[in-house]
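Novice: Encoded as structure tokens, here's the structure I'll be asking about.
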Amino acid sequence: MKAVVAFSGGLDTSTIVVLLRKKYEAEVITVTVDVGQEEDLLGVEEWAYKLGANKHYLIDSKEEFAEEYIFRAIKANALYEGKYPLGSALARPLIAKKVAEVAIKEGADVVAHGCTSKGNDQVRFDLTLRAYLKPDIKVIAPIRELGLSRAKSLEILKQYGFEPRGAHKKYSIDENLWSRSIEGGELDNPLIEPTEEAFSWTTSPESAPDKPLYVEVEFKEGVPVAVNGDRLSPASLVMKLNKLIGLQGFGRIDFIESRVVGLKSREVYEAPAALALIESHKDLERMVLTPRELRLKNHLDELWADLVYQGLWIDPLREHIEVAINSMNKNVTGVVKLKVYKGGLRVVGRDSPYSLYSQHVIDYDKGWYPSDCEARGFITIHGLYALTAQSVRSRRGS
Ligand code: ARG
């Protein structure tokens, strides 16, 4: 049997490699996709071989992740339940695509991922892998299948003589360019405030610099292209903003999230660039879109985020929604000025060549005014239904 394993180097995927090698005597190919996790990826490769992998692939997909996944999320202002910028949810379909490509090229019999039965990622991996693989390659989830707890996985690794990397870690972390999620440990008690050790991308607001930071983000057709005048590649732009804005103590999220699998969970995230870019993008949209466009787009944005969260990246509806989102985003060009200070972030300025706002028109002294007659006519007709209903119903009595 030839198995391809979506390999992070964590406890679960390490256990899978060992089981497949030692217990099932499979040929094992590990694949690690670099989506911007701050991890020693050469160390992960070394670890894969140490566990017995026959071959390892390290695939750098940072730019593809930023351009094809994160930038779509920016155009859709994607925040699941108004809070979560979808880092893990966006990365899964891309990881699945890369892993599937290797599996097809290598002629694998099965593809394995390390998800358990309790989380969202199993849904995302299973569905996208099935979509990208040929039907004769099976998708398996050994941790889920064998019902292995973390303790049991640890035991298995130890039994085969391995001391797992990072098994001492207090939390379950998933990280990529777009967000870092921190789950488990004392955070499972939703009443307990996360301590500083949970965070690594953001300075605590209390110890952030005493001086506000101004950042100017330039957008072209709905996607960011420059920061403070520097043109940057998609991934570099996101990484730069994570650093700059994280240092100011901005980007922490803490909320009760509704998982796909019927459970509420307490989720803590760091996502400085994501929150800053979505806030900026929304602000610019308010300047360039008509109110009705904005209203429709709010609905579409919410639908888009929901599909992605639910693991339905491959649902054709996503692409239909994107047609409308992209069409409106043609106008989202311009600059947004942000002020970031001690954990807070505000948009304090914006400009666009496609602005529907006119300072000249709005000016109270020098600006344009509709005539009294125009205004009266408009108001009469605007309120006609309401006024009619008022008078008809007052005759009816209570
Ligand atoms: N709750 C988030 C989501 O469903 C984060 C998942 C993190 N994944 C993980 N394997 N730790 O997208």
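The values are calculated or read from the model by the stated rules, or taken from the named source; none is laboratory data. Keep in mind it's a predicted model, so treat the numbers as computed, not measured. Virtual Cβ from ideal backbone geometry, glycine too; neighbours counted across all protein chains shown.
Novice: Within the stretch 142-153, count every residue that is in contact with a helix residue (DSSP H, G or I) (Cβ under 9 Å, 6 or more places away or on another chain), charged (D, E, K, R) and more than 15 Å from the ligand (Cβ to nearest atom).
Specialist: 1
Novice: Please list, ordered by residue number, the helices (runs of 4 or more DSSP H) wholly in the stretch 287-380 having 1 or more residues that are in contact with a helix residue (DSSP H, G or I) (Cβ under 9 Å, 6 or more places away or on another chain). First the steps, then the outcome.
Specialist: On the way: elements: 291-309, 316-329, 359-362.
Passing ranges, in order: 291-309, 316-329.
Novice: Give the residues of the stretch 105-141 that are closer than 26 Å to Glu257 by Cβ and more than 13 Å from the ligand (Cβ to nearest atom), sorted by residue number.
Specialist: Filtering the stretch 105-141 down to residues closer than 26 Å to Glu257 by Cβ leaves 113-131, 139, 141.
Listed by number, the residues that qualify are Asp126, Leu127, Thr128, Leu129, Arg130, Ala131, Val139.
Novice: Scan the stretch 248-267 residue by residue and report those that are away from the ligand (no atom under 12 Å from the Cβ) and either under 24 Å from Ser207 (Cβ atoms) or surrounded by 15 or more Cβ atoms within 10 Å (Cβ to Cβ) (or both). Break it down stepwise before answering.
Specialist: So the first thing to find is which residues in the stretch 248-267 are away from the ligand (no atom under 12 Å from the Cβ), and the list is 248-252, 254, 262.
Passing the criteria: Gln248, Gly249, Phe250, Gly251, Arg252, Asp254.
Novice: For the stretch 172-189, what are the residues that are in contact with a Ser or Thr (Cβ under 9 Å, 6 or more places away or on another chain) and farther than 23 Å from Met239 by Cα? It would help to see each step written out before you state the result.
Specialist: Narrowing the stretch 172-189 to residues in contact with a Ser or Thr (Cβ under 9 Å, 6 or more places away or on another chain): 172-176, 178-186, 188.
If the condition is that a residue be in contact with a Ser or Thr (Cβ under 9 Å, 6 or more places away or on another chain) and farther than 23 Å from Met239 by Cα, then Gly184, Gly185, Glu186, Asp188 are the ones that fit.
Novice: Among (1) in contact with a Leu (Cβ under 7 Å, 6 or more places away or on another chain); (2) within 20 Å of Arg72 (Cβ to Cβ), which single condition is Val223 missing?
Specialist: (1)
Novice: Among the residues that make up the stretch 37-50, is at least one of them in contact (Cβ under 8 Å) with a residue 60 or more places away in the chain and touching a helix residue (DSSP H, G or I) at 6+ places or on another chain (Cβ under 6 Å)?
Specialist: No, that holds for no residue.
Novice: Tell me whether the stretch 345-359 contains one or more residues that are under 38 Å from the mean Cα position of the chain (by Cα) and more than 22 Å from Leu289 (Cα to Cα). Give the derivation first.
Specialist: Of the residues in the stretch 345-359, the ones under 38 Å from the mean Cα position of the chain (by Cα) are 345-359.
Checking the rest, the ones that are also more than 22 Å from Leu289 (Cα to Cα) come to 345.
Within the stretch 345-359, one or more residues are under 38 Å from the mean Cα position of the chain (by Cα) and more than 22 Å from Leu289 (Cα to Cα).
Novice: While we're on this one: Could you tell me how many of the residues in the stretch 124-165 are surrounded by fewer than 18 Cβ atoms within 10 Å (Cβ to Cβ) and assigned to a helix (DSSP H, G or I)?
Specialist: 10
Novice: Inside the stretch 95-107, can you point out the residues that are assigned to a helix (DSSP H, G or I) and in contact (Cβ under 8 Å) with a residue 60 or more places away in the chain? Even if it seems obvious, please write down each step before you answer.
Specialist: Narrowing the stretch 95-107 to residues assigned to a helix (DSSP H, G or I): 95-106.
Within the stretch 95-107, Ile95, Ala96, Lys98, Val99, Val102, Ala103, Glu106 meet the criteria.
Novice: Within the stretch 283-306, can one find any residue that is touching a strand residue (DSSP E or B) at 6+ places or on another chain (Cβ under 8 Å), hydrophobic (A, V, I, L, M, F, W, C) and within 16 Å of the ligand (Cβ to nearest atom)? I'd like the intermediate steps shown before the answer.
Specialist: Restricting attention to the stretch 283-306, the residues satisfying the condition of being touching a strand residue (DSSP E or B) at 6+ places or on another chain (Cβ under 8 Å) are 283-284, 287-288, 305-306.
Retained after the next criterion (residues that are hydrophobic (A, V, I, L, M, F, W, C)): 284, 287-288, 305.
Checking which are within 16 Å of the ligand (Cβ to nearest atom) leaves us with 305.
Among the residues of the stretch 283-306, at least one is touching a strand residue (DSSP E or B) at 6+ places or on another chain (Cβ under 8 Å), hydrophobic (A, V, I, L, M, F, W, C) and within 16 Å of the ligand (Cβ to nearest atom), which makes the answer yes.
Novice: Tally the residues that are touching a residue at least 24 places away in the same chain (Cβ under 8 Å) and either within 12 Å of the ligand (Cβ to nearest atom) or not charged (D, E, K, R) (or both), restricting the search to the stretch 154-188. Let's see the steps before the verdict.
Specialist: Let us first name the residues in the stretch 154-188 that are touching a residue at least 24 places away in the same chain (Cβ under 8 Å), namely 154, 156-157, 160, 162, 164-167, 170-171, 174-183, 187-188.
In the following step, the residues that additionally are either within 12 Å of the ligand (Cβ to nearest atom) or not charged (D, E, K, R) (or both) were identified as 154, 156-157, 160, 162, 164, 166-167, 171, 174-183, 187.
Count: 20.
Novice: Continuing with the same structure: Could you please let me know if Leu387 is surrounded by 10 or more Cβ atoms within 10 Å (Cβ to Cβ) and in a loop (DSSP other than H, G, I, E, B)? Spell out the reasoning first.
Specialist: Values: surrounded by 10 or more Cβ atoms within 10 Å (Cβ to Cβ): yes; in a loop (DSSP other than H, G, I, E, B): no.
Criteria not met by Leu387.
Novice: Please specify each residue of the stretch 139-152 satisfying the condition of being modelled with pLDDT of 95 or more and not basic (Lys, Arg).
Specialist: Of everything in the stretch 139-152, those that are modelled with pLDDT of 95 or more and not basic (Lys, Arg) turn out to be Val139, Ile140, Ala141, Pro142, Ile143, Glu145, Leu146, Gly147, Leu148.
Novice: Can I ask one more? Could you check Ile16 against (1) over 30 Å from Arg286 (Cβ atoms); (2) surrounded by fewer than 22 Cβ atoms within 10 Å (Cβ to Cβ) and say which number it fails?
Specialist: Every condition holds for Ile16 apart from (2).
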